[in-house]
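Coordinate-derived values only; no laboratory data. The model shown is predicted, which means the values in this text are computed figures rather than measured ones. We place every Cβ from the backbone using ideal geometry, glycine too, and count neighbours over all the protein chains shown.
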Amino acid sequence: MISRLRLSQDLPALTPERRQAAVAAIFGPGEELLMIRRAERPGDLWSGHMAFPGGKREPSDKSLLHTAIRETQEEIGLSLDAARFVGALSELEPVRRRGQADLWVTPLVFQVERWEDPVVQSSEVASVHRFAFRRFLDKEGRGDFLYPWEGQQIRLPCVRLDDSFIWGLSLRMVDEMLEQLS
């Protein structure tokens with residue numbers, strides 16, 4: 001299934017005038033997809049959300065690929081050195097309450113032959129989860145919820161799997177992969 005994804009091998013150029021980040025969507029045996037639950041932290045826009053490991057590009061990062069690999073190692077202790085880089089999804093800019101977040105996120109897809117046991121080693125991560133991607137394909141737990149936005153309640157898509165609530169930027173990334181497989 002992962003081989004059917006039509007992903008770009010080209011990464012966005014490093015651009016000093018805008019903030020960039022990269023996340024790692026990691027597939028393992030059985031086509032499980034690894035996600036993290038971000039820790040609850042005051043001031044963190046994505047506090048408690050389901051996400052992919054990753055983070056902001058550091059000036060020392062040679063590429064966004066390096067950013068995703070470094071951040072995955074730092075956050076959950078999982079080395080992607082032996083992983084196969086499958087390609088990049090579309091670069092995304094998250095939306096926040098007062099307009100755009102001024103941060104461009106590039107999701108990068110990797111495949112590992114076997115799972116190493118990830119160890120949460122960052123205060124930014126509460127837990128690590130793996131979901132059979134088939135569950136997303138089968139639309140398991142697919143629904144929507146009401147979200148307060150600028151004085152209104154808007155309906156947003158979500159996925160509820162086990163004790164996890166996936167929505168927003170992370171769900172947009174999953175949905176892009178699903179679109180390519182349909």
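Annotation: Ile166 fulfils all but one of (1) more than 26 Å from Pro16 (Cα to Cα); (2) surrounded by fewer than 18 Cβ atoms within 10 Å (Cβ to Cβ); the unmet one is (2).
Cβ-Cβ under 7 Å, sequence separation 6+ or interchain: first residue in the stretch 112-137 and over 14 Å from Ala24 (Cα atoms), partner of a type in the set (Val, Ile, Thr) and assigned to a loop (DSSP other than H, G, I, E, B). Which pairs? Hits for this filter: Ser127/Val120. Considering the conditions (1) surrounded by 15 or more Cβ atoms within 10 Å (Cβ to Cβ); (2) out of contact with any His (no Cβ under 9 Å at 6 or more places or on another chain), Asp117 is excluded by exactly one of them, (1). Only one residue in Pro118, Pro157 is in a strand (DSSP E or B) and either in contact with a helix residue (DSSP H, G or I) (Cβ under 8 Å, 6 or more places away or on another chain) or closer than 21 Å to Arg4 by Cβ (or both). Which one? Matching residue, one of Pro118, Pro157: Pro157. I'd like the full set of residues that are among the small types (Gly, Ala, Ser) and either surrounded by 18 or more Cβ atoms within 10 Å (Cβ to Cβ) or in a strand (DSSP E or B) (or both), limited to the stretch 5-27. Within the stretch 5-27, Ser8, Ala21, Ala22, Ala24, Ala25 meet the criteria.
The residues of the stretch 160-179 that are without any contact (Cβ under 8 Å) to a residue 60 or more places away in the chain and not in a strand (DSSP E or B), listed by number, are Asp162, Asp163, Leu171, Asp175, Leu178, Glu179. Of the residues making up the stretch 28-68, those that are of a type in the set (Lys, Arg) and either without any contact (Cβ under 8 Å) to a residue 40 or more places away in the chain or part of a loop (DSSP other than H, G, I, E, B) (or both) number 3.
Of all residues in the stretch 30-56 being closer than 22 Å to Val174 by Cα and among the basic types (Lys, Arg), which is surrounded by the fewest Cβ atoms within 10 Å (Cβ to Cβ)? Filtering first and then ranking leaves Lys56.
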